[in-house]
Every structure is written in structure tokens, then in C-alpha cells.
Amino acid sequence: MSTAAVAGPTADRTGETVKGSRGRRVSGWRTRVIQILSVATAVGLWQLLTANNVRAWLRFDTLPTVTEIVAEFGEQFGRDEYYLDIGQSLIRILTGFGLAAVVGVLAGIGLGRSDLLAAVFGPLTELVRPIPAIALVPVAILLFPSDESGIVFITFTASLFPVLVSTRHAVRALPTIWEDALRTLGASRTDVLVRVVFPGILPGIFSGLSVGIGVGWICLISAEMISGRLGVGYRTWQAYTIVDYPAVFVGMITIGILGFGTSALVEYTGRRVTRWLPGEVSR
């Protein structure tokens with residue numbers, strides 16, 4: 001009797017766990033199917049409207065069909081310059097975003113924990129932050145000796161503030177009781193930073209990184225269109241100037257795929273780094 005009483009709830013809990021796991025798996029498959037169907041529906045609708053030259057306020061008769069875009073993709077895949085442009089854009093985004101991640105996290109921690117730094121640099125940060133990074137193109141052209149440095153600078157500036165602000169807010173939101181408890185045990189300031197502050201703000205850091213990589217791509221492509229000589233943005237704008245619309249859409253789709261891939265990589269890294277947190281927090 002007692003054995004059954006003990007085994008019963010265990011079996012019930014196990015059953016609920018398996019059932020819950022299966023439910024999540026089915027839900028995950030349903031989500032994937034819905035996502036695929038939504039994209040396929042959008043592509044099919046695009047083909048239908050453009051192939052039949054529909055003009056109902058929106059002028060779909062001026063846009064390339066899906067088949068024309070796919071054919072252009074086939075041609076681009078055979079050209080070395082397509083991969084060169086992708087590589088150049090990736091180098092720029094990784095350089096600018098990487099620098100912004102390091103500077104943004106360090107600056108965010110400093111502004112969040114030091115009243116002196118907040119008083120000195122806080123007003124400057126708030127004055128510069130609302131300025132769109134793409135508006136700094138003239139400054140970058142005048143300030144840096146090469147277009148390449150200027151484009152990286154614009155990408156860095158665009159990615160910096162989302163990381164900095166998110167980190168600063170995360171630092172200020174930390175419960176002070178954690179730091180007080182560690183200091184009571186004789187911990188140094190370095191111990192507090194390593195054992196309390198940095199682990200505690202990781203979710204906030206990766207929230208800022210996720211936003212920063214997206215904003216960085218937007219400004220990178222804009223900068224490449226304005227002053228670049230290589231890169232996906234430059235090539236897309238060049239295609240537009242010669243009225244090669246299928247190539248324009250190839251560039252747009254390539255930008256979307258690159259942005260999606262890098263954002264997904266940042267979010268995946270964030271989930272892995274914060275996997276010790278409760279599920280609902282780490283996600």
C-alpha cells in the first residue's frame with residue numbers, strides 16, 4: 001500500500017512530464033509548419049500578383065516575379081563578386097558590432113555603478129543617442145581616412161547604444177541585497193563584479209546585443225549604399241541605378257538572410273550562456 005502510494009504520484013508526475021514534453025514537441029512542429037506555410041503563401045501571392053501584372057493602387061506590374069528573382073539568384077551564385085560582397089559586409093558588421101559589444105557592456109556597467117561616470121558621461125550619452133547613426137556619414141567621411149573605417153564607425157555607433165543602455169538598465173535593476181550579502185562575507189569590488197553584477201546582467205546584455213545587431217545591419221547597408229565600394233548594400237544600390245530589379249530583390253533577400261542568421265546566432269549564444277537561469281527568464 002505504501003509502495004503504491006509512493007509509486008503512484010511518481011508515475012503520475014512522470015506521465016505529466018512526458019505528456020508535457022510531447023505537447024511542446026507537437027506545438028513546436030505546428031509552429032514550424034505555420035511559419036513555412038506563411039512564407040510559402042507570401043511567395044505564392046507575390047508570384048500571382050506580379051505574373052498577372054496586377055495594378056490595384058499598388059503597382060505589382062512593375063515588380064519582378066518570383067521566377068525572375070530565382071533565376072537571378074542562380075546567376076549571382078555563379079559570380080565571385082556575390083560572395084565577395086557578402087564577405088565584406090560580414091567583416092564590417094562583425095568588426096563594428098564586436099567593438100560595440102565590448103565598449104557598450106563596459107560603459108553600461110560603469111554608468112550603472114558609478115555616480116561620477118554617470119554625471120560626466122551620462123548627459124553626453126543621452127545627447128548623442130537620439131542621433132541616427134546614418135546621419136553621421138558626413139562626419140565619418142571627414143573624420144576617417146578611408147571609406148572602410150567610416151562604415152565600420154557607423155556600424156559601431158549604431159550597435160553601441162542599444163547595448164550600452166540595456167546594460168546600464170540591467171545594472172541598476174540588480175537587487176542590492178545580493179551585493180550587500182557578498183560584501184558582508186568580505187568580498188572585494190572585483191568579486192562583486194565577477195560573481196554578482198556580470199552574471200546578473202547577462203539577460204539584459206543579450207537583449208541589447210540582439211537589438212544592436214539588427215540596428216547595426218540597417219545602418220551598415222545604408223552606409224554601403226552611400227559611400228561603400230563593396231558589400232551587399234553597395235551592390236543592391238548599383239543594381240537599382242541600372243534598373244536591374246531582380247538583382248535588387250536578390251540583394252534585399254540576401255540582406256534579410258544575413259540579418260536573420262546573425263541575430264539568431266546572438267540569441268542562441270544568449271540562451272546557451274544563460275541556460276542556468278529559470279527557463280522563462282533565459283528565454
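Applying the criterion of at least 1 residues that are assigned by TED's automatic domain parsing to the domain that holds residue 85, at pLDDT 90 or above and in contact with a Leu (Cβ under 8 Å, 6 or more places away or on another chain) to the helices (runs of 4 or more DSSP H) found wholly in region 181-283 leaves 198-227, 232-241, 245-273.
Comparison of 58, 63, 45 shows that the only residue that is in contact with a Ser or Thr (Cβ under 9 Å, 6 or more places away or on another chain) and more than 25 Å from residue 155 (Cα to Cα) is 63. Here is the figure for region 63-94: residues that are hydroxyl-bearing (Ser, Thr, Tyr), touching a helix residue (DSSP H, G or I) at 6+ places or on another chain (Cβ under 8 Å) and loosely packed, with under 14 Cβ neighbours inside 10 Å total 1.
For residue 113, the conditions (1) over 16 Å from residue 212 (Cβ atoms); (2) among the basic types (Lys, Arg); (3) buried (at least 21 other Cβ atoms within 10 Å of the Cβ) all hold with the exception of (3).
The values are calculated or read from the model by the stated rules, or taken from the named source; none is laboratory data. The shown structure was predicted, so the numbers you read here are calculated from the model rather than taken from an experiment. FYI the Cβ positions are ideal-geometry reconstructions off the backbone, even for glycines, and counts take in every protein chain you see.
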